[in-house]
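In what follows, a structure is listed as structure tokens, so that the remarks can point back to it.
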Amino acid sequence: MLITRRFRFSAAHRYYDESLSPEENRRLFAKCAGAHGHGHNYVLDVTVSGPLDPRTGMIVNLKDLKASVNDLVIERYDFKHLNFDLDDFKGTQPTCEQIVVTIWKLLDGKLPGCELARLRLYESDDLFAEYEGR
């Protein structure tokens with residue numbers, strides 16, 4: 001059985017490789033290389049799996065799932081500049097793909113009574129990255 005809960009957070013990021021010239025960065029990353037970065041209103045779908053509890057009719061208490069994701073991810077990233085306010089993306093670009101892999105690492109094995117099955121992170125309405133821990 002699977003169930004998915006949706007979360008939202010707002011964060012800024014910048015793509016920039018210090019080993020490249022400003023011109024090379026602009027060619028490679030276009031507007032994402034701007035000095036101050038830019039922001040997104042991210043949408044995170046957290047899908048968990050587990051057996052259906054015959055007593056409660058649930059895989060997981062959604063209140064507990066919400067509290068865990070809020071504590072481990074949302075409070076960490078909401079209204080942050082991912083390049084400058086955290087060490088999570090040191091040595092890599094905070095792309096949608098990298099962010100979802102990092103969120104997996106934050107959540108994997110830490111959710112109450114269920115297992116993390118899939119994450120889907122929307123950077124915009126028409127762009128998302130999906131990760132299943134592989």
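Anything in the range 102-130 that is part of a strand (DSSP E or B) and either among the hydrophobic types (A, V, I, L, M, F, W, C) or surrounded by fewer than 18 Cβ atoms within 10 Å (Cβ to Cβ) (or both)? List them, or say none. Please lay out each step first, then the result.
Going residue by residue through the range 102-130, those that are part of a strand (DSSP E or B) are 115-124, 127-130.
Within the range 102-130, Glu115, Leu116, Ala117, Arg118, Leu119, Arg120, Leu121, Ser124, Leu127, Phe128, Ala129, Glu130 meet the criteria.
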State yes or no: is Phe89 out of contact with any His (no Cβ under 6 Å at 6 or more places or on another chain), surrounded by 14 or more Cβ atoms within 10 Å (Cβ to Cβ) and aromatic (Phe, Trp, Tyr)? yes
If you scan the range 73-86, which residues turn out to be outside any loop (DSSP other than H, G, I, E, B) and surrounded by 15 or more Cβ atoms within 10 Å (Cβ to Cβ)? Val73, Ile74, Arg76, Tyr77, Lys80, His81
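Among the candidates Leu72, Leu62, Leu82, which residue alone is free of Cβ contacts under 8 Å to residues at least 60 places away in the same chain, aliphatic (A, V, I, L, M) and within 17 Å of Leu121 (Cα to Cα)?
Numbers: Leu62 fails: within 17 Å of Leu121 (Cα to Cα); Leu82 fails: free of Cβ contacts under 8 Å to residues at least 60 places away in the same chain.
After ruling out the rest, the residue left standing is Leu72.
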Quick one: which of Val60, Val69 is in contact with a strand residue (DSSP E or B) (Cβ under 9 Å, 6 or more places away or on another chain), modelled with pLDDT of 95 or more and assigned to a loop (DSSP other than H, G, I, E, B)? Val60
Which ones in the range 6-25 are among the hydrophobic types (A, V, I, L, M, F, W, C) and either surrounded by 18 or more Cβ atoms within 10 Å (Cβ to Cβ) or within 27 Å of Asp78 (Cβ to Cβ) (or both)? Phe7, Phe9, Ala11, Ala12
Do we have any residue at all in the range 14-27 that's in contact (Cβ under 8 Å) with a residue 60 or more places away in the chain, within 20 Å of Phe89 (Cα to Cα) and in a strand (DSSP E or B)? no
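The values are calculated or read from the model by the stated rules, or taken from the named source; none is laboratory data. Here the structure is a predicted model, which means the values were calculated and not measured. Counting neighbours? That spans all protein chains shown, and the Cβs are built from the backbone with ideal geometry, glycine included.
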